[in-house]
Amino acid sequence: MRVRSAVVRVTAAVLAAGCLTACAEGAPAGPDRAAPAAADRTASSATGPGTSAARPETSAASARTGQNDRSSAAGGHPCSPSVSIDRYSDALDKTTFQGTFVGNLSALTRDTDGSLAALSDRSVLIGLDGRSHRPVRATKIVDEKGAVLDAEGLAVEPGGRYLVSSETEPSVRRYDRSGALLGRLPLSKALQVEPAGRAQSNLTFEGLTLAPGGRTLTAAMEGQLTGDGKDSAGHPLLRFQTWQRQGGGSRPAPYRLSRQYAYPVDAGLGISEIAALPDGRLLVLERGFTAGVGNTVRLYLADPRQASDVSGVGGLPGGKAVRPAHKKLLADLGACPSLGAPAHQPQTNPLLDNIEGMAITGRAPGGRLRVLLVSDDNESPKQITRLYSLTVRPGGR
């Protein structure tokens, strides 16, 4: 979704060119394990299986790594008791790969070949090396009529096929590794854009995640359906839609519509991304933008396991018997140390930008998660494609 002066999706996509090998291997990258300079690091890091060794074309602006490697071996720079930032990188900002602009990144996830899959909302799948995060492939995707998508969410099936959500209809489509369209998932009428349904244009499927094992797919609406209200604390209630898929192997069963539940978003914010944990909980990025002030980005832990199925509820909150997903604040990313990061527009913390993508890339000692965030620069000189490397402690089960 493009940046707006009211609510902007700020997916907290994170990592820095400086993290690379250390984060990929799950080892802390402190002063005693400093990453090499960008060019040397890229040249020395191995590409993931099935990836190309082609070199990206980089502009003069992209030569800057934007890295600040003052993290400690104890686990980076604290943003809160649950989250620390290890480093950031601007190395992808305003770069191209084989003629394709590497920006407008709205989603990020781990791929099955060890690389990272990023999604441009200009309808391009971009592969990033799993260690260096340099581009290694770019694949254009289109809809059934050959038109580009306003692509916002991305998930990868265990077999390697891609699931891509678009916020215009909305829709979730499946693509093979070459970018060929395989089909489209079913959708309830209420989630379609008005007048066909009750969704607001440009405020539909912003986040998409596939649970480990590949059987439960979840899409998060960025904004409310017409007719839905707030909870008792004044939080607008958004809807998360799930699909279930049984079986495995080369011919698993189709996705079928399943539970839908309510999520209480902070007032003035929207959902920019979600990421599934193995136990059924979700990391949720809430994001907003205020002109002249900057971005607000908060990372929450959501637990939908005891939430009510609201697929048959016409208007939320739906009465006392309806339970929304419970959420817990892990960190307001505006409280993270800035690490000397530059900003090209007003920000209360210059580290922040329009964060839209989030991927869980591995585990750190003590049950902590390695999380990578990426921001969407909208091809604007006032915004930055920035990777953020976080360590997250989600807490009890």
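Just so it is clear, none of the values below were taken in a lab; they were calculated from the coordinates. Quantities reported herein were computed from a predicted structural model and do not represent experimental measurements. When we count neighbours, we look across all protein chains shown, and the Cβ atoms used for this are built from the backbone with ideal geometry, even at glycine.
Before moving on, here are some points about what is shown:
- Magnitude of the charge dipole, the range 114-191, Cβ model with Lys/Arg +1 and Asp/Glu -1, debye to 20: 260 debye
- Computed from the alpha carbon positions, the gyration tensor of the range 151-206 leads to an equivalent ellipsoid with semi-axes of 23, 10, 8 Å, biggest first.
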